[in-house]
Each structure stands twice: as structure tokens, then as C-alpha cells.
Amino acid sequence: MDRLRDGPLALLLLFLGHVITALEVPLDLPQPPTITHQSPKDFIIDPREDIVIHCEAKGKPHPSFSWTRNGTHLDIDKDPKVLMKPRSGTLVLDISGGERAEEYEGVYQCSAHNELGTAVSNSIILRQSRSPLWSKERISPIIAQKGQSLILHCRPPAGLPPPIIFWMDNNFQRLPQSRRVSQALNGDLYFSNIQPEDSRSDYICYARFPHTQTIQQKQPISVRVLDMDSLNDTLADYFNHTDLFSDNPVDEREPVFMVPSESVKLLKCNASSFPTPAISWVKHNSEIPSGRASFLNFSKTLRITDVSEADAGEYRCIANNHHGSVHHTIRVTVNAAPYWISAPRNLVLAPGEMGIITCRAAGHPKPSIRWLMNGLPIESQDPSRSVEGDTLIFSEVQTGSSAVYQCNASNEYGYLLSNAFVNVLGERIRNKHVLHDGIVFTRFKDSMLEGNAYVFHENGTLEIHMSHPSNSGKYTCVARNSLGLSENHVYLEVKEPTRILRPPEYREVQRSRDVVFECKAKHDPSLVPSMTWLKDDGELPDDERFRVDSDSLTITDVTESDAGTYTCIINTTLDQDSASAQLTVVEQPGAPTDLELTDLVARSVQLTWTPGEEHNSRIKKFLIQYEDALHQSGVWHNLTEVPGTKTTAHLKLSPYVHYSFRVLALNNVGFSRPSMPSRQYRTSPAAPDENPTEVKGHGTEHNNLVITWKPLTPQQANGPGLQYKVMWRQQGIETYWTSVSVANVSKFVVSGTPTFVPYEVMVQALNDYGPGPKPGAVIGYSGEDFPSAAPGDVRVLVLNSTLAEVRWSPVPLESVRGRLQGYKVPLSSHHVTVPSAPSFFKVSTFDLDSLMLEWGPPYERNGRLTGYTFKYQTVNSKNDLGLLEELDLPSNQSSFTLHNLPHSTRYKFYISARTQRGAGPMLTEEAVTVLDRVITHLPPVAPAFGNVSSSMSKDGALISWEYWGTKKLLYVEYIIDKSDEDWQKEKVNGSQFHVLKGLKKGLAYKVRVVARGHDDRAVHHSEELLVKVSAMVSPQVDIATQGWFIGLMSAIALLILILLIICFIKRNKGGKYPVKEKEDAHGDPEIQPMKEDDITFGEYSDEDHKPLKGSRTPSSGTVKRDGSDDSLVDYGDSGDTEFNEDGSFIGQYSGRSDRDARHDSSKPLSPVNAMNSFV
């Protein structure tokens, strides 16, 4: 209640860390008019829409409005098409009924009035936009010679505002521009040098008028470019009546300027030459402002923004190519329309006070200042007001002298008009902030405010720096002037400020990705916050991709339109805090365009291009690639890279290549799409510049040398007919080189070389245009051969059971016949003198206090086993080992039982086999004794089965194996492959093979061998075999391996041997056989004829022919060896030959008479002749 009696209640909440700022004077006091919004000075309208001329003002009382047109009062009531908006001065001219907009063109000015003064607007020049048609004209075709400069004039119709000019073809495609071809500021198309590819019939200039959104088209221009070098003399003579086709065709030349155009902000420079010149700019005696200058249109245009008088001076445009340079000087004078240095400001005075209004403007030439009051020139003399140039001085003002003053600053290039009022107020102090003579602040009742924490402003505002809860309380403002005194009370309560602790941060994200902005804040616990997000100071788009959470903003599938500034605002009922962050959407740069080749010489070319859009990520570099249409059409190779700030590259080229180039741009996101390829440039052939690399010589046989090299690429060949000249000579032996030329290969084999000798080798490239540079020689060796000698004096020293030392004498170096890589020492298992580990080791329960240990003999005994060494010891819970016990067991023992062991005790066991040479490696085992079971941890041991195999016979599948385990209950188990049936098993009766019978034909079976204990538990099993039974079993028997066949052959051989022995014995007894008739029947001319009464064989008579020692033929030589060989062979084939009981022949030899037999018995046969008859 006390507070209510003290006056109006005001609650001001300050926040820790905030500053209480000064307040403006309230606007509820009387105030002259002020223009707040108006149309531009040069107002161009669309004649198809209603005309709206803006004029808004404020003041108290609210002002009224009037208009003038062309300097005379505009009576709105006389024209029903002209309306003024309520409580506004905005005019609306309705021309929808067909009225012509040009009837309302003119200079309009708005005035805003109230009882304290009049404010006026700028003079608004109203004009309608115009888009006139192109004048009809007939354009003759243009014929130009290659290399000349050319200008295609556009000359668009004058529109309002001026049109935007661009050149296109009949298909509405923009004509490409480059350093050679570019558009001038006036729209003309400039060719620095024209080329044959510029020939076309559809050069069309278009003018786009932005206000009416219309496009006007000029008649197409046809250009034909002739290359005089390719024309014959007849055609040249036909056209020789013009200078265009003179006897001297245009060749490369120095640059020449082509009518340079210039303006204040845009300086343009066009030059002609061949090759195309490069353009650069300098300023005389000064630097071109780097921050405000930019080079456009392939450096032909210099643009300067925010022009000031300091930009005046001489600018030099320089054009140069390798033939020379030329420059042109442009003198720039900066003429500026007026601009404000200090615009006039409103002035509020109390009666009797003084004040000033200043109006300062600059320009070139210097603007003149003219003052007006309430829209009219100042004429009457007022002692309280004086004009001194750009300053109005007021002194001893009186109530009622309020007015609005206008300052007009103008020169020949424009004007500035600004309103500023003088408001003289004389009122008694109220509970508002008003003019005062003095203000006193008190806190609570009688305490005056003092100290540096308080700042007192001239308008009575109290400012408290860094407020604190101790500043809370009641503040009283006392204001007095000559008319009275007034007090006002303010109650201050200081609360915790709202603060954003984690503001959103700058984000750079690729298109189609997601982005999250965080915004975490703290606030006073007694206040309820709310979060608002803005984009570019406006509401977020109505898009489901934008999701606002309690402390974040998420944007999914980001697009280019999402780029901008995002602001997080935390509001409470008393204060707010905000923070902003920028979102930049990036993507790969756009593809470069406008590729142009200039400075075309034999081994280099100049490539220029126009960069594509950066897409908010700076281009780091450009990658230049080339295609060789001659050797690898369609394949692009990387050539070079240039920094992203350059758009020109000097490229080194190889001969005999058909080049096309393209450019890719790289930014932080990735590479752009490739540009369109440049035009093709073909380089001329030449001799190779380099030779093959990686030349090597080595042998693959003991008598050859293989020379290899890395062949040149087609680009390195430099011309057609690439060959390689291969040269070699034996190092230190041969003086002259042996050479051969080969093509399309990368190696050459030299045969007939000595074994492993050094050679000097060279490979040189050559083509149809000559050889490459002289190559350097490399050293290679011919082929190697096996060493001709082995190491000698080999000695072996056995150091222990697992280590031996081998020594030998090295071989002579000449016997190596190659590079000595080392000595190979073969090892034989016969040197191993100790047995291998037991085949298995197992611990099992025997009874409650006993453990049974079982093991198998070692696979490799390496001698006679003398026994096994068995050790064991206890292991406690900390893995500490107890006392080691050791036992020696005989070699024929395979199990052992330990009795009387304590329960729940852990043991570690060791076992190894030994021979007289020592013990082999150990197997270990751990086990724990418990009341009813043993826990074992078996280490890996060798398998119990080995060499398991299968074969098919007519009886079934024969399964064989080797088994080293102790269990003798073996089974062969089988199951059909990929079936769910149970395994079938057949018991094995003590053998290591078994035949599975009854298997179904055409099926596959899985087979395994299993060893089982007496409880039928599987102890060991082999790996599974896959046995396939063929659909028709047809065993193939090798007859040579069958027993009956071998026996039969043996009997036949024995029988033949017996026959031979009997025949030999019979001959030695002196018997003779009647072969005379047989010999006569054969008519052998080499056999001597016999006497009629001699029935004996003359050649076999031991009386007439005594054989020489060691002779195998008769001494007479009448019977040749070949003839005697027929004695049994011929007769062996005749008749039915049989044997007598004594083994003699019958049949052929049985035709003799008893007389003959008796006669034969009297003359025994020579043993030598008998042998000859069998030979």
C-alpha cells in the first residue's frame, strides 16, 4: 500500500552482468512530421500494373498529406483513378481500365503537414519502362580472313531502363566466350583474331528488358572465315579485288587495340592479335585497390566498387603475346553526386535554449547547400535563427517556433534532400522523461546515489554497470524546471540473466547431408524459458526437414536454399539471449567452361578456361587431362595440376600426338565433372627424346644372355616406325659392339655366350625420323650353370641329442659358374638318436583315491626303447608346484595306476620315452582327484589313426588304416553322404583293413574308423573319408599281375629250356639228320653240292673240317651263318612237329631209312656245328 501511495508502480528487472542502457525520449509529446518511407527518386514503372507512389510520415498530431506534380498542386479529387491511402500519403494510380501510363509521367513530391511544421519528400521522377522493337535492317554476310580482328555490332534499341545484352544462336544456346572472343560493355561482340571454327550463320544479339520481362532479337549475322593458305590461286585471284583477300594473308602479329571503352566503375580493353593477347592492368603512380577491384571478362574488364576521389588517375591496359606488347592509357576522373558527411538531425529545445542543425555533404564538384523551412525557402528574418553555410544556429527559442527544416545539397550529378525538425517544448514536469533543469536520483528514502557504479545521463537516465542483487530496491527520480518539480519511483529487482552456454557453431555441410545446431542455455530458476529459431532473421521454412528439439535444431537432407544465418533465441518473461551461426552448403565445383588453346607451337600450347561455380567451397586446384586420339582414343591421362587461383596453364607437349584437353576443378568436397573437351591439336612427329628404361641383362640358360627393357609409350615414341637398337659386347674382351634392331618387343636373346660372364648392354630408341639420344651402358651377366665341384672335407660333429655341427671346405670360385648363393646342407632323419614323444597320454579315474595313466609308444622310436620316464607333482591354488616324484617304467608297459592319492588334489604329470641315446620330448597332463570324477585338461597329442585310405573292388569298399592306440575294439562306421540317418558300424577283427559290402551303387558314403572302450564310448576316431560307389562296378584287371598267367609263362619258358638242353645232348652224341633234301629243295646257292653217295652233311663233318678255337662257323666257310640259321627255323614251321620220349624231333626228320640212321650214327656231329645250327 505504501508503494501505491508513493506513485505509479514500475518494476524494472536487471540481470547480473548486463548493462542498463539509456532510453529514448518518449514519442507521446507533440512532434513535427518526419518522412519515414518514400519511393525512389528515379521511379520506373511497369505500364501493365497499377502505379503506387509511396509517402509515409509520422508526427504528433498525425500529419496530413498533399502532392505536387511538375511543381503544381495535384488535386486528387479531380481524377477518380488517383487514390490516397487512409492515414498515409501513398498514391495509387489505377490504370487497369486501359489508361496509358505515360499520361501520369512527371515529377511528384509529397508534403506531410501538422501544426508544428511541414516535411517534404524527394522529387520523384515517374517514368514508364519501355522495350522498343529492333529496327528492320538487312545485314549482309560478313566474309573475313583467318587471323583478322572482327567486331559484330549489336546496337540495341534504347529502352528504359537499358536492356541486358547477350549473344545466342538459333537454338537459344549462349555463344561461348573466351580471351579471344568476348562481349563489350555496349553489347558488341569482339574477335581478337577470327578462326575457321567461328564460321556460322546464326550470330544473334538479344536484348532483355527487365521491367517488362521481354526479349528482343536482332537479325542473325552470318560470318564466313576463309583460310587463304588453303585456297588455290584461282580462288584467290577471283576475290583479289578486295583488300580482304590480298596476296599477303594475315599471319601472326603484335597486339593492336580495338576501340577501348571506359566508364567510371567499369574499364574495358579489347585488343586484336594472333595469337590471342593476354590482358593486364596497372595504375600510374599508384596501386589498383585490391579489395575493391576485380577483373572480369577474361581480364578485359576492370571493375572498381565503392568509387572515391582517390580512384581517379591514369589506368593502363597492356596487351601482349610472344610477338610483342601494346598499351592503352585511360584517364579516369571521378565525378560524384552529393553524398552525406553529416545529415541534419532533429533538435528538441526548451524555451530560451540554443541549438544548431548541421548539413554537411560532399561530391565532385562540391555540392551547394540550400535551406528551406516547411518546404519553402527561408526568407523572413528571425532574430532567434541564423544561417551560416551548412549550419542553422538557433538561440533564445520561444514556444511556438517549432518547424521542419529541409537541407538540399546538389550538384550537376544529383541532389540530396533531408528533413530535420526543431521542436520547442515547454511543459510542466510529469511522471515521464521530459526536458528538465535538473534531475536528482535517490535510493530508498534519503540516500543519495554516489559512486562509480552509477552513470547519470543528460536526459535523466540512470545507468548501473554490472548490476548485482545488492542493487535491488526502490529508486526515486526527482526532476525540476522553472515550472515545477516531479518525482517518479522505480522498484528494481535483480535476477540471474539468461545466458546461452553452448551457442550454435558455424557449419559447412555437403548437399543432401544432415546438420545439427546446438543451443544450450541457463536461466533464472524462477523464469520459464522458450526457444525460438530464426533463419536469416525470419521464421524457419515450413518444411518437415527442419526439426526443433529442446536444445538443438536439426536439418535433414540439406539443399542449397538452406544456406544462411540461423539464430537461436532464448526468451523469458524478462530478458532474452541469442546467438547465431552460419550454415554454408557446399558441393563439388561446377565444371570449367570455355576452354581455349592459344600460342600453338611444336612442343607447347597455352590453355585457358573459365572456372565453374565454387558452390561455397574455394577451388583448391585444377587438374588438366589429355586424350590422345591417335594412340589411345577415349582414354584420359592426367597431365598437370595448377593452383585454384589460376585459369591459364602452359602445357608441354610430345610430338606425334593428337591432343584434346579437359579440365577438372577440385575443392574440399571433391572433383567437379570434367569440362567439355577442347578442340584437337596435332603435334608433328620427331625423333625420340628418350631411350627405354629398366635395361637389364641376365641369362636363362648357361649359354645365353637375355636383354630386357621397358618399352616406350606411344607418347614417348614421338613418331611412327618405333624400333629398338639392341647393342652388346663382352666386358673387357670385345672392343666392338654387336647390334640388332627389333620392333614391338621388349627383350632380345643372345645365344652362344660363355657361361656367366659380364656383358655391356645398351638399348636405343629410333623411329622413321631418326634415333634417340645415345644410351648409357649397363652391365649384365650371361646364364649360369650347375657348379662343377662339390664342397670337400665334410665333417660332422654331434654336439648333443638335438644339435650337430657340419664343416666343409669351400669350392673354387671358378667351379661355381654363377653367383654363389650359399651351401645346402641336407639333413636326414637317420641322424635323430632319441625317440619322439609318446603317441598319446591320458589320465582317467581308477577309483576314488587312484588315477590311471595310459600312453602309447612313440611314432619314431629311433632305436630300441629302454623304457619310459614318468614324473608327477602337486599344484596348489596359487599354481605353485610341489615336490617332483620320478618313476622309471619298462618299455613294454602302456599304463600305470597311482594309488592312495588325497582327494581334491591337483596333479601335473610328465612322461617321455627313452633309448640308450637319451630321453625324448615330454608330454604333460593335469588332473584333479575328487570324490566321484577327475577333471582333466588334455594337451594336444598326436592322432591315433593315420594313413586312412579307401579303394573299390568287386567285393565292396576296401578301407585300410594304421592305428597306434591301445584300444582294440575297432569299428568301421559309414553313412550316406548328406543324409540324416544314423551311422552304421561293422566290427573289425584285429586287422588294419576291412571290406564294406552291400553298399548301394551310384551313392557316396562318409566312412570313418572308430576305436571304442568297453563301455562303447568312442576313444579315438579317424578323419572322415568320402567313398563314391560307381553305378556299374567293372574292375579292370591287369593280366600281367595275375598269378595264373605268371605261372603259365614260367612253365612254357621251362619247357623250352628243357627242349634246348635235350637237343644239345642229342647232337653231342653224334646223331645226324637228313637235311640234305631240305637244302636241295631250298636251292641255296651258297651251299656246296654233295656227292650222290654221300648222305652226310659236308659242312658238319668233323673229319673234313676241324673248327678253330673259339670259332662259331665251319672251317671250310662253305656254309654261311645265315644259311645255318635256317636249319631249324624252316623245319619248325612244317607239318605236325612232335617230340619222342627222349625229346628228339619226329615228323620232318623221321623220313630217313635205317641205313641212313646207321650211317649217321657212325659219324658223330661236331659240337660246334651243333651250336651253330641253333644260333
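The values are calculated or read from the model by the stated rules, or taken from the named source; none is laboratory data. Values in this document were obtained by computation on a predicted structure and should not be read as measured data. Cβ coordinates were reconstructed from backbone atoms using ideal geometry, including for glycine residues, and neighbour counts include every protein chain displayed. For the accessible areas, the whole protein counts, side chains as well, though only heavy atoms, and no ligand, DNA or RNA atoms are used. Shrake-Rupley method; radii C 1.70, N 1.55, O 1.52, S 1.80 Å.
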Considering only residues that are closer than 14 Å to Tyr104 by Cβ, open to solvent by 60 Å² or more (accessible area, probe 1.4 Å) and in contact with a strand residue (DSSP E or B) (Cβ under 6 Å, 6 or more places away or on another chain), which ones fall in region 55-78?
Arg69, Asn70
Residue count for region 128-159, restricted to those that are part of a strand (DSSP E or B) and either open to solvent by 30 Å² or more (accessible area, probe 1.4 Å) or closer than 30 Å to Arg345 by Cβ (or both):
4
Would you check if there is a residue in region 360-383 being exposed (fewer than 13 other Cβ atoms within 10 Å of the Cβ) and under 26 Å from Leu607 (Cβ atoms)?
no
Name the pairs: first residue in region 948-960 and farther than 17 Å from Gln992 by Cβ, second residue in a strand (DSSP E or B) and of a type in the set (D, E, K, R), Cβ to Cβ under 9 Å, at least 6 apart or on different chains?
Met952/Lys1028
With the structure loaded, tell me whether Lys1001 is in contact with a strand residue (DSSP E or B) (Cβ under 8 Å, 6 or more places away or on another chain), open to solvent by 40 Å² or more (accessible area, probe 1.4 Å) and not hydroxyl-bearing (Ser, Thr, Tyr) or whether it fails that test.
no
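Name the single residue that is most open to solvent (accessible area, probe 1.4 Å) among those in region 958-979 being more than 21 Å from Asn947 (Cβ to Cβ) and out of contact with any strand residue (DSSP E or B) (no Cβ under 7 Å at 6 or more places or on another chain). Don't jump to the end; show me each part of the working.
To start, the set of residues in region 958-979 that are more than 21 Å from Asn947 (Cβ to Cβ) comprises 975-979.
Filter once more, so that each one left must be out of contact with any strand residue (DSSP E or B) (no Cβ under 7 Å at 6 or more places or on another chain): 978-979.
On the way: Lys978: 186, Ser979: 39 Å².
Looking at residues that are more than 21 Å from Asn947 (Cβ to Cβ) and out of contact with any strand residue (DSSP E or B) (no Cβ under 7 Å at 6 or more places or on another chain), I get Lys978.
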Selection over region 516-534 where residues are closer than 15 Å to Val585 by Cβ and out of contact with any Asp or Glu (no Cβ under 8 Å at 6 or more places or on another chain) yields a count of 1
For region 100-127, which positions are open to solvent by 10 Å² or more (accessible area, probe 1.4 Å), under 19 Å from His211 (Cα atoms) and outside any strand (DSSP E or B)?
Arg100, Glu102, Glu103, Tyr104, Glu105
List every residue pair whose Cβ atoms sit under 8 Å apart, with the two residues 6 or more apart in sequence or on different chains, where the first one lies in region 801-813 and is of a type in the set (Ser, Thr, Tyr) and the second, anywhere, is open to solvent by less than 70 Å² (accessible area, probe 1.4 Å).
Ser801/Thr833; Ser801/Val834; Ser801/Gly918; Thr802/Val834; Ser809/Pro791; Ser809/Gly792
Cross-chain or 6+ apart pairs with Cβ under 8 Å, region 732-759 first and part of a strand (DSSP E or B) and open to solvent by 70 Å² or more (accessible area, probe 1.4 Å), then of a type in the set (A, V, I, L, M) and at pLDDT 95 or above:
Lys747/Val706; Lys747/Ile707
For region 701-709, indicate whether the set of residues that are of a type in the set (Phe, Trp, Tyr), modelled with pLDDT of 95 or more and either in contact with a Lys or Arg (Cβ under 9 Å, 6 or more places away or on another chain) or within 14 Å of Phe756 (Cα to Cα) (or both) is non-empty.
yes
Pairs, first closer than 15 Å to Val586 by Cα and exposed (fewer than 15 other Cβ atoms within 10 Å of the Cβ) in region 538-565, second β-branched (Val, Ile, Thr) and at pLDDT 90 or above, C-beta under 8 Å, six or more apart:
Thr559/Val585; Glu560/Val585
Selection from region 355-371 of residues of a type in the set (D, E, K, R) and within 14 Å of Ile341 (Cα to Cα) yields Arg360, Lys366
Quick check: is even one residue across region 894-906 touching a Leu at 6+ places or on another chain (Cβ under 6 Å) and β-branched (Val, Ile, Thr)?
no
What residue, of Leu534, Leu607, Leu583, is open to solvent by less than 10 Å² (accessible area, probe 1.4 Å), over 25 Å from Leu664 (Cα atoms), part of a strand (DSSP E or B) and not acidic (Asp, Glu)?
Leu583
Restricting the first residue to region 696-719 and requiring it to be aliphatic (A, V, I, L, M), which pairs with a second residue that is part of a loop (DSSP other than H, G, I, E, B) and open to solvent by less than 20 Å² (accessible area, probe 1.4 Å) meet a Cβ separation below 7 Å and a spacing of at least six or different chains?
Leu705/Thr753; Leu705/Ser782; Leu712/Pro688; Leu712/Pro692; Ala717/Pro688
Exactly one of (1) of a type outside the set (D, E, K, R); (2) open to solvent by 20 Å² or more (accessible area, probe 1.4 Å); (3) part of a loop (DSSP other than H, G, I, E, B) is unmet by Pro688. Its number?
(2)
Got a sec? Which of Arg861, Arg795, Arg819, Arg807 is closer than 30 Å to Thr700 by Cα and open to solvent by 50 Å² or more (accessible area, probe 1.4 Å)?
Arg819
Asn374 - would you say it is on the phi > 0 side of the Ramachandran plot, in contact with a Ser or Thr (Cβ under 6 Å, 6 or more places away or on another chain), in contact (Cβ under 8 Å) with a residue 24 or more places away in the chain and not acidic (Asp, Glu)?
yes
Considering only region 701-731, how many residues are over 36 Å from the mean Cα position of the chain (by Cα) and either in a strand (DSSP E or B) or more than 30 Å from Pro685 (Cα to Cα) (or both)?
16
Which members of region 586-604 meet the condition of being part of a loop (DSSP other than H, G, I, E, B) and among the charged types (D, E, K, R)?
Glu587, Asp599, Arg603
His637 fails exactly one of the following numbered conditions: (1) open to solvent by 20 Å² or more (accessible area, probe 1.4 Å); (2) free of Cβ contacts under 8 Å to residues at least 40 places away in the same chain; (3) in contact with an Asp or Glu (Cβ under 9 Å, 6 or more places away or on another chain); (4) more than 30 Å from Val763 (Cβ to Cβ). What is the number of that condition?
(4)
Residue that is modelled with the highest pLDDT, among those in region 469-499 that are closer than 30 Å to Ser530 by Cβ and among the charged types (D, E, K, R)
Arg499
Determine whether region 596-603 contains at least one residue that is under 28 Å from the mean Cα position of the chain (by Cα) and not β-branched (Val, Ile, Thr).
no
Inside region 777-792, can you point out the residues that are of a type outside the set (A, V, I, L, M, F, W, C) and either open to solvent by 60 Å² or more (accessible area, probe 1.4 Å) or over 30 Å from Tyr759 (Cα atoms) (or both)?
Tyr781, Glu784, Pro787, Ser788, Gly792
Residue satisfying all of: in region 980-998; free of Cβ contacts under 8 Å to residues at least 40 places away in the same chain, part of a loop (DSSP other than H, G, I, E, B) and open to solvent by 60 Å² or more (accessible area, probe 1.4 Å); farthest from Leu970 (Cα to Cα) among these:
Asp980
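Out of Leu881, Leu898, Leu887, I need the residue that is out of contact with any helix residue (DSSP H, G or I) (no Cβ under 9 Å at 6 or more places or on another chain) and open to solvent by less than 30 Å² (accessible area, probe 1.4 Å). Which one?
Values: Leu881 fails: open to solvent by less than 30 Å² (accessible area, probe 1.4 Å); Leu887 fails: open to solvent by less than 30 Å² (accessible area, probe 1.4 Å).
Selected residue: Leu898, the only one of Leu881, Leu898, Leu887 that is out of contact with any helix residue (DSSP H, G or I) (no Cβ under 9 Å at 6 or more places or on another chain) and open to solvent by less than 30 Å² (accessible area, probe 1.4 Å).
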